[in-house]
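Undergrad: Can you keep this structure in mind? I'll have questions shortly.
The values are calculated or read from the model by the stated rules, or taken from the named source; none is laboratory data. The structure presented is a predicted model; accordingly, all values stated were derived computationally and were not measured. With ideal geometry, Cβ positions are generated from the backbone for all residues, glycine too; neighbour counts draw on all protein chains shown.
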Amino acid sequence: MIGSAAEWAARSRQAVWHPCTQMKQHERMPLVPIARASGAWLYDYDGRRYLDAIGSWWVNLFGHANPRINAAITSQLGEVEHVMLAGFTHRPVIELSERLAALAPRGLSHAFYGSDGASATEIALKMSFHYWRQRGVAGKDRYARLAGGYHGETIGALSVTDVGLFRDAYGPLLRSHPLLPSPGVHAAFDDPDSQRATDDAISALEQFLAEHAATTAALIVEPLVQGACGMAMYPPRYLAAARTLTRRHRVHLIADEIMTGFGRTGTMFACEQAAMTPDLLCLSKGITGGYLPLSCVLATDDVYAAFYDDDVTRGFLHSHSYTGNALACRAALAVLDIFRHDDVLVVNRAKAQRWKNMAAPLASHPRVRGFRQCGTIIAFDVDDVQEAFAQRFATEALRREIVLRPIGNTVYFMPPYTLTDHEFAFLVERAVDVVDAA
Ligand SMILES: Cc1ncc(COP(=O)(O)O)c(C=O)c1O
C-alpha cells in the first residue's frame, strides 16, 4: 500500500542516514519523499509537485524519466547488465570511450572509469603522482589546489578541497597541499573584480610553480565555475595561463569537469573555451544524464604510456567493482546521442541568452548582488544577514514548488536543459517571491 508523504518521511528518518545532512534538522524540516518524476518535475506522495531547478545535485541534463534514456537502459538490460572490466570488456564501454575521446579536447584518448565524482578525483590524483614515479622523477608528492575548490568527499579528494564545512572535521586525516589564490569571484566575467582576481591568481600560480614545481605533481582546478564554494566564476584565460605555466614547469594539469562537463558552461567541456588539453580530465554527474553513477578520467597518450609495461606492478592497479558498468555506459551513450541529434549545445546557447533576459527581475532585484551566468548556470547572492539563510530560502522555495538549495547566501539555477521557457519564467517568478520572503 502506498503511504502518505509524512509516513514515508518518518520511515526514512528512522532507516536512512541522509547525505550532507544534520539528521536532527529533519525533526523540524520534513524530508520530501518523491513518488515519481517526469521532465523537470518531482512529485511527492501527496500529489504535490516541485520544479527541480538544480538538476538533482547537478546531474540531470535531459529531465527525469527521459524516454530515450529509459529505452536505452531497458534495451541494455536484455543484453548485459554488468561484467567486471578487468579481463573483460563490452560494447557500451568501448563505444563510450571512443566517443568521449572524440568529443574531449584533443589528445585525451584513454578512458579509465570509476563510479562517483570523488572516485574520479582519486584516480586522477593517483595517476598523476604515479606517473612521475614511473618517469623517474622523484619528490613530486603534492598537489596545488585553488582556494574554494571542491573535488569530492573521500579522504584524497577532501585533501585537495577547500570548503571548510566539509573538510575541517577531518583535518588531522588530510595531507596538507599548497593552496593557491583562486581566480573565481561572485561576479560576472566582465566585472573589474573578476579581471583583477584572474590577474592575481595567474601571478600567484607563476610564482608558486617557479618555487615549488619540483615537489608538485599536479594543479587541480574546476574549470570556469567553482560550484560547491558558491558558483564562483572566472574567465577562460586563467585556464590557458595555467596550461602554459604547468607545462613549462613539468606539472600536470587536472581539470575536474565533474560538474562543468557535458555542456553546463556552454561548450561540451569548459576546457574548450581556453582551447587547451589538460593531462587528466575528470567527468561524472551529467555523463549518464543523472541516471546512474559513472565517472571517468580521460588521460593523454603520454600518461597512458608511462604505465604500459611488461611489469605488472608498473600498471595502474586501481579498481572499483562497478567500473565501466554496462547499464551506466549505455545511459551515457544515450546522452551523447541526444546531444548530437538535438544539437543541444547550439540550442542551449540561444536558451542561455533567453534565460538571462528572463532572469532580469532577479538581476535587478534590490537584494540581489553579483548576478552571474556561465552557459546555463545562473547564480546570484542575496543580501541577508540573518542566520540560516540557505535553510530558510530552501524551505520557502519548496513551499512555492521549486527546489533550490543555496550555498551560503548564493542562490543558483542549474536546471535540466529540457526546461521550457514557460517553466523558466515560473522559476524566476517564484524565486523573486522567495527572495522577497526569505
Ligand atoms: C567539481 C566537483 N568535483 C567532484 C565532485 C564529487 O562528485 P561526487 O559527489 O559524485 O562524488 C563534485 C560534486 O559536487 C564536484 O562538483
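Undergrad: Considering only residues that are within 16 Å of the ligand (Cβ to nearest atom) and either part of a helix (DSSP H, G or I) or over 28 Å from Met231 (Cα atoms) (or both), which ones fall in the range 132-163?
TA: The answer is Ile155, Gly156, Ala157, Leu158, Ser159.
Undergrad: Filter the helices (runs of 4 or more DSSP H) completely within the range 17-131 down to those with at least 1 residues that are modelled with pLDDT under 95 and not hydrophobic (A, V, I, L, M, F, W, C).
TA: Result: empty, no element qualifies.
Undergrad: What about Leu125, is it within 14 Å of the ligand (Cβ to nearest atom), over 30 Å from Val344 (Cβ atoms), touching a residue at least 60 places away in the same chain (Cβ under 8 Å) and of a type outside the set (S, T, N, Q)?
TA: Answer is yes for this residue.
Undergrad: Then there is this: Within the range 129-164, which residues are in contact with a helix residue (DSSP H, G or I) (Cβ under 8 Å, 6 or more places away or on another chain) and closer than 14 Å to Val303 by Cβ?
TA: His130, Tyr131, Gln134, Arg135, Lys140, listed by residue number.
Undergrad: Condition test on Ser109, is it touching a residue at least 40 places away in the same chain (Cβ under 8 Å), among the hydroxyl-bearing types (Ser, Thr, Tyr) and more than 15 Å from the ligand (Cβ to nearest atom)?
TA: yes
Undergrad: Tell me which residues, restricted to the range 34-73, are buried (at least 20 other Cβ atoms within 10 Å of the Cβ) and among the polar types (S, T, N, Q).
TA: If the condition is that a residue be buried (at least 20 other Cβ atoms within 10 Å of the Cβ) and among the polar types (S, T, N, Q), then Asn60, Asn66 are the ones that fit.
Undergrad: Go through the range 59-84 and report how many residues are touching a strand residue (DSSP E or B) at 6+ places or on another chain (Cβ under 8 Å) and among the basic types (Lys, Arg).
TA: So the answer is 0.
Undergrad: If a residue must be of a type outside the set (Asp, Glu) and over 16 Å from the mean Cα position of the chain (by Cα), how many such residues does the range 47-61 contain?
TA: Residues meeting the conditions: 5.
Undergrad: Select, from Ser176, Ser182, the only residue that is within 16 Å of the ligand (Cβ to nearest atom), on the phi < 0 side of the Ramachandran plot and in a loop (DSSP other than H, G, I, E, B).
TA: Ser182
Undergrad: Please verify whether Thr244 is in contact with a Leu (Cβ under 7 Å, 6 or more places away or on another chain), surrounded by fewer than 24 Cβ atoms within 10 Å (Cβ to Cβ) and among the polar types (S, T, N, Q), treating the condition exactly as stated.
TA: no
Undergrad: Still on this model: Based on this model, can you work out whether Asp44 counts as more than 24 Å from Thr260 (Cα to Cα) and either more than 16 Å from the ligand (Cβ to nearest atom) or touching a residue at least 60 places away in the same chain (Cβ under 8 Å) (or both)?
TA: Yes; evaluated as a whole, the condition is true for this residue.
Undergrad: Another question, then. Given (1) within 16 Å of the ligand (Cβ to nearest atom); (2) within 27 Å of Gly408 (Cβ to Cβ); (3) in contact with a Phe, Trp or Tyr (Cβ under 8 Å, 6 or more places away or on another chain), where does Ile202 come up short, assuming only one miss?
TA: (1)
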